[in-house]
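S.K.: Following this message is one structure expressed as structure tokens.
The values are calculated or read from the model by the stated rules, or taken from the named source; none is laboratory data. Quantities reported herein were computed from a predicted structural model and do not represent experimental measurements. Positions of Cβ are generated from backbone atoms using ideal geometry, with glycine treated the same way; all protein chains shown enter the neighbour counts. Protein only, heavy atoms only, side chains kept; ligands, DNA and RNA dropped before computing areas. Shrake-Rupley method; radii C 1.70, N 1.55, O 1.52, S 1.80 Å.
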Amino acid sequence: MIYLDHHATTPCDPRVVEKMLPFFTSVFGNPAAIVHEHGRAASRAVEDARIAIARFFGVVSAEICFTAGATESNNIALRIVGRKDHAITSAIEHKSVLAPLHESGAELTILRPDREGFIAPEAVSAAIRSNTKLISIEAANGEIGTLQNIAAIGAIARERGILFHSDITQAAGKVPLDLTNVDLASFSAHKVYGPKGIGGLMVRRGIRVPPLIVGGGQERNLRSGTVNVPGVIGMAAALELRAAEMEEEARRLTALRNSLWDSIAAEIAGVSVHGPRDLRLPGNLNVSFERVEAESLILGMRRFSLSTGSACSTGERGPSRVLTAIGVGEAAAMGSIRVGLGTANTPEHAAMLVDDLERAVARLRQITP
Ligand code: PMP
């Protein structure tokens, strides 16, 4: 089986696992138990990892808070929004952004993207009201790969004295990110060849966030609970590897994705591609085939792990919310597959995929009236 679902998750890099292993067995202390050396050793390792992660994002270590993943980070960040506030977000945000905003009881402006998934900074600017507390716009979309102009949106927020949160989960470690104008940013290790169940929230100094989980007061009271030490070590190792390898990998994956895109369009009739050609996550491709239902297509593609829309919505029927928001009709949205290329994928995999798609699409079209 060839794995082509790297937006859902990625395999943990063996070099990351190697770095994590001692923290399960020998350096096992509770980093809050600094009265003894076992605890202090764990604490030092966690703080070194915090510094490395902060350096990766170009922030200071006091601005990094460890969480169990981006879902939790988004839930924490959006607790800043209260019932009397107004918040601005987009229709293509991850559910862990939209759900807490809906639950907050705040007034919401949910911006619609254009046909390629872009949110215009001018639209954000025009939506600002006197009680706008926060703007939340993701850095990259996990279904169609669109990269938002978070520097420009953040600049607008800063000029108007409004907080700017960005879910950078899909973009971090894949493309360069400028967080200068970002006040809060959510990220997760398992999208960048790190372990699952560990993530972080960057919170600028001076911003007060009401905690979601209370108790022992760890992570400067923002997130109580014993810190996942092996996870933190793994996340730092994964991001350090991305820092070293991201640029070349982005170039390689962009070329691989574009050649896959061109081959699919050349070999198969009735294909549409969703999302932009440029300003797109390097490994992302989202295509639909006329008169083909994506689920049947994927079930027929026995050599590949592929996704329809977002894995987080698996189990839900109906067209993808993201594709609907960019104006893709219901039939095309139901026929869309998402390819998420990653470090292990090669041009041979792409060629095999085109072959298998060609055959599976032809077969399905034959049996579809
Ligand atoms: N935000 C985005 C944009 C995502 O793609 C995901 C993962 N599907 C999440 C948040 C949730 O991340 P986690 O799995 O770490 O909770």
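S.K.: Which value at 222 nm does the chain reach when only helices count, each DSSP H run of 4 or more adding -39,500 (n - 2.57), with the total divided by all residues and rounded to the nearest 500 deg cm²/dmol?
M.R.: Numbers: 12 runs with 145 residues, N = 369.
Value at 222 nm, helices only, nearest 500: -12000 deg cm²/dmol.
S.K.: With everything on Cα atoms, drop me the angle between helix 150-160 and the longest principal axis of the chain, reported from 0 to 90° to the nearest 10.
M.R.: Around 50 degrees separate the two axes.
S.K.: May I pose another question? May I ask for the angle, rounded to the nearest 10°, between helix 347-367 and the longest principal axis of the chain, with both axes built from Cα atoms and the value confined to 0 to 90°?
M.R.: 50
S.K.: On to the next question. Output wanted: per-residue J couplings in Hz (rounded whole) for region 330-337, from phi through Karplus 6.51 cos²θ - 1.76 cosθ + 1.60, θ = phi - 60°, x for Gly and Pro.
M.R.: Rounded to whole hertz, the list is 4, 5, 5, 5, 6, x, 8, 10.
S.K.: Now for a different question. Which value results for Rg/Rh of the chain when Rg is the Cα radius of gyration and Rh the Kirkwood radius based on the inverse mean 1/r?
M.R.: Result for the chain is an Rg/Rh of 0.99.
S.K.: Once you charge only the Cβ atoms, +1 for Lys and Arg and -1 for Asp and Glu, what is the size of the charge dipole of region 228-369 about its Cα centre, to the nearest 20 debye?
M.R.: Using only the charged Cβ atoms, the result is roughly 300 debye.
S.K.: Also, quick follow-up: Output ³J(HN,Hα) for region 96-111: one whole-Hz value per residue in order, computed from phi by the Karplus curve 6.51 cos²θ - 1.76 cosθ + 1.60 with θ = phi - 60°, and x for Gly and Pro.
M.R.: Each residue's phi maps through the Karplus curve to give 6, 9, 5, 4, x, 5, 4, 5, 5, x, 6, 6, 10, 10, 9, 6 Hz.
S.K.: Here's a follow-up. With every protein chain left in place, what is the accessible area per residue of the chain in square angstrom, probe 1.4 Å? Write down the numbers at each step before the final one.
M.R.: Numbers: 16020 Å² over 369 residues.
That works out to 43 Å² for each residue.
S.K.: For region 82-131 and region 26-72, write down the distance between their C-alpha centroids in whole Å.
M.R.: Cα centres, region 82-131 to region 26-72: 32 Å.
S.K.: Quick one: among THR169, THR146, THR109, which has the greatest mean-square fluctuation in a GNM of the chain with alpha-carbon springs under 10 angstrom?
M.R.: Residue with maximal mean-square fluctuation among THR169, THR146, THR109: THR109.
S.K.: Take the solvent-accessible surface of the protein heavy atoms, probe 1.4 Å, and return the percent of it on the chain that carbon and sulfur atoms account for.
M.R.: Percent of accessible area from carbon and sulfur atoms in the chain: 55.
S.K.: I would also like to ask the following. Only Lys, Arg, Asp and Glu count, each charged at its Cβ (+1, +1, -1, -1), so figure out the dipole size of the chain about its Cα centre, rounded to 20 debye.
M.R.: Working: 39 positive and 39 negative charges, 161 e Å.
Computed about the Cα centre, the dipole is about 780 debye.
S.K.: Hey, another quick one. Please name which of ALA157, LEU353, GLY283 has its Cα lying farthest along the dipole of the chain towards the positive end, using unit charges on Cβ (Lys, Arg +1; Asp, Glu -1) and the Cα centre as origin.
M.R.: Ranked along the dipole, the leading option is ALA157.
S.K.: Kirkwood Rh, Cα Rg: Rg to Rh for region 79-135?
M.R.: On the way: Rg = 11.1 Å, Rh = 11.6 Å.
Here Rg/Rh amounts to 0.96.
S.K.: Residue by residue through region 201-213, what is 3J(HN,Hα) from phi via Karplus (6.51 cos²θ - 1.76 cosθ + 1.60, θ = phi - 60°)? Round to whole Hz and write x for glycine and proline.
M.R.: Listing the rounded values in order: 10, 8, 10, 4, 4, x, 8, 9, 10, x, x, 8, 10 Hz.
S.K.: Continuing with the same structure: Tell me the angle of helix 229-267 to the major Cα principal axis of the chain, expressed in degrees between 0 and 90 and rounded to the nearest ten.
M.R.: 20
S.K.: Of LYS84/LYS191; LYS19/LYS191; LYS95/LYS196; LYS84/LYS196; LYS19/LYS174; LYS95/LYS191, which pairs sit farther than 27 Å apart, going by alpha carbon to alpha carbon? Can you show the working numbers first?
M.R.: Details: LYS84/LYS191 35 Å; LYS19/LYS191 18 Å; LYS95/LYS196 18 Å; LYS84/LYS196 35 Å; LYS19/LYS174 21 Å; LYS95/LYS191 17 Å.
From LYS84/LYS191; LYS19/LYS191; LYS95/LYS196; LYS84/LYS196; LYS19/LYS174; LYS95/LYS191, over 27 Å: LYS84/LYS191; LYS84/LYS196.
S.K.: Continuing with this model, one more query. What trypsin sites (Lys or Arg not before Pro) in region 240-278 are in a loop by DSSP, with at most 15 other Cβ atoms within 10 Å of the Cβ? Present the calculation step by step, with values, prior to reporting the outcome.
M.R.: Values: sites: ARG242, ARG251, ARG252, ARG257, ARG277; in loops: ARG277.
Of the trypsin sites (Lys or Arg not before Pro), the ones in loops of region 240-278 whose Cβ has at most 15 other Cβ atoms within 10 Å are ARG277.
S.K.: Given H placed on each backbone N at 1.01 Å, which residues far from LEU111 in sequence or on other chains put an amide H within less than 5 Å of it?
M.R.: THR89, SER90, ALA91
S.K.: Treating only the Cβ atoms of Lys and Arg (+1) and Asp and Glu (-1) as charged, compute the dipole magnitude of region 1-160 about its Cα centre; round to the nearest 20 debye. Write out the running numbers ahead of the final one.
M.R.: Numbers: 16 positive and 18 negative charges, 89 e Å.
The calculation lands at about 420 debye.
S.K.: Let me ask something else. Take the Cβ-Cβ distance between ALA32 and GLU295 as r, set R0 to 41 Å, and report the resulting FRET efficiency rounded to the nearest 0.05. Before the final figure, lay out each step's value.
M.R.: On the way: r = 47 Å, r/R0 = 1.15.
Approximately 0.30, to the nearest 0.05.
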